Amino acid sequence: MVSSLTLAALVALAAVGSALRAGPATHGRRSVRHRGAQPVASATEPIDAIAPVFWFSGFSKSSRAKEFDRGVDAINRQVDGAIEMLNEITSEPFFSLYSVDMLASCAYLLQDVDECNLQSCECLPCDDEDVPPHLLARDHAEFEFALDGWARWDMPTDTYYDLRQYPEAYTRYDGRQIWQFIYRKICFKGAAEWKRDFNRAVSGLHASISGHVVRSMHAEGDTELALREYRRRLREQPGAVENLYYGCMLLLNACNEASDKLGAYDYGDDAINERLRTLLQIPLLCGGCVGAAQKNLRRHASWQGGVGLWQARLRARDLMRIMNCVQCSVCRLHGKVGTLGVNTGMQILLGREGRGGDAARMHRVEVAALITTLHKFLSSIQTVRSMEAELAAAGRVGKGEPTPMGGYDGEIDPDEQEV
């Protein structure tokens, strides 16, 4: 029998161990951060900070920055060539056609039942004859209800929408309520590394959407508005551009991981296979130059056998469902495809236990969304680069003003997110 003294000692040791695991205490709104330690969230914060993308545990600070910078440099050098190839690939019906439930009800927010009445939000299904019969048959045959998967796509019908007909653009729809819900309710609270990785991917998706809004403004000829909105939505948003690159790195790694599947997939046209194989052989996808994001994501997620990773899968499905609350049809269409692409990337890289999934089991819509979303992220990075060049050429970057890749340590408040 254990004596009362021994029992007391064991309790005391357990308390000390618990305190050590909890990390340093926080004071007020700001968390205390010690050199070499991960940031600890304050209990008073409405939502955890989405940590800077290059906060890679397991490396020295300088090594983390170098790992991330090498990936950024590789993307910047090759983004134009990759986009040129992706422009051609994503113009094919295989990658542009999706059966989406545009009438699904919003399960999370109280809203008016009326849809957005802006003409730019209108999205009509394509004609039946424009949907290849083999694509329709495959979507119906492959559909399954994954109880605990990373994504749950709409049940396919005979109604399809074409991304080529309705490109992602500035529709003037106000999505502030949607994004505040995402940051408050779907993003994680807590200091677990894989939770911050999930938050970064969500922030990267938001930044990608913002990049397309800015690009559309610029294409419409309103350069002043585009530059102003670029500053507001991306440049001045702590972590937004870093997380755009981070999300892009995850998608690049996912495509590399699934390269055998993507290169040999039956697209219904041998020419598409050739284009995909050529894309998958460029250094950006197969050279390992952007591997730090994948390496750290897996190490974070596989800790203790991926315990708790089911929460990320649950919230990934929530992220898909909240898109049903978007009342702009064009925005809903692209939001769902982009979310499916990010979730598919997470499925490939992590699977159920954080060690990777089975890329060979990808469905047609997942293959299409993965490639399409990579195209979206790279296009937004191209927009960031062009906007930075225009600001610099106009002398509108103040002396000493931080660049959008300046390594923000600030916290992201859902009340301050710009849409």
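The values are calculated or read from the model by the stated rules, or taken from the named source; none is laboratory data. Bear in mind the structure is a predicted one, so any value in this text is a computation, not a measurement. We place every Cβ from the backbone using ideal geometry, glycine too, and count neighbours over all the protein chains shown.
In table form, for the structure just shown:
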{"read-out": "Conditions (1) without any contact (Cβ under 8 Å) to a residue 60 or more places away in the chain; (2) surrounded by fewer than 21 Cβ atoms within 10 Å (Cβ to Cβ); (3) part of a helix (DSSP H, G or I): number failed by R233", "value": "(1)"}
{"read-out": "Hits in region 161-178 - residues which are surrounded by fewer than 18 Cβ atoms within 10 Å (Cβ to Cβ), more than 30 Å from D130 (Cα to Cα) and either in contact with a Phe, Trp or Tyr (Cβ under 7 Å, 6 or more places away or on another chain) or not basic (K, R) (or both)", "value": "D174, Q177"}
{"read-out": "Residue list for region 207-235, restricted to those being under 18 Å from the mean Cα position of the chain (by Cα), closer than 15 Å to G175 by Cβ and of a type in the set (K, R)", "value": "R233"}
{"read-out": "Residue count for region 167-217, restricted to those that are closer than 16 Å to D318 by Cβ and not in a helix (DSSP H, G or I)", "value": "3"}
{"read-out": "Some residue of region 112-129 being β-branched (V, I, T) and buried (at least 19 other Cβ atoms within 10 Å of the Cβ)", "value": "no"}
{"read-out": "Those residues of region 307-325 which are over 17 Å from the mean Cα position of the chain (by Cα) and either part of a helix (DSSP H, G or I) or at pLDDT 95 or above (or both), in sequence order", "value": "W310, N324, C325"}
{"read-out": "Within region 236-259, considering residues that are out of contact with any helix residue (DSSP H, G or I) (no Cβ under 7 Å at 6 or more places or on another chain) and not in a helix (DSSP H, G or I), the one farthest from W179 (Cα to Cα)", "value": "E236"}
{"read-out": "Qualifying residue in region 141-148 (condition: touching a helix residue (DSSP H, G or I) at 6+ places or on another chain (Cβ under 8 Å) and at pLDDT below 95)", "value": "yes"}
{"read-out": "Filter result (assigned to a helix (DSSP H, G or I) and among the polar types (S, T, N, Q)) within region 264-301", "value": "N273, T278, Q294, N296"}
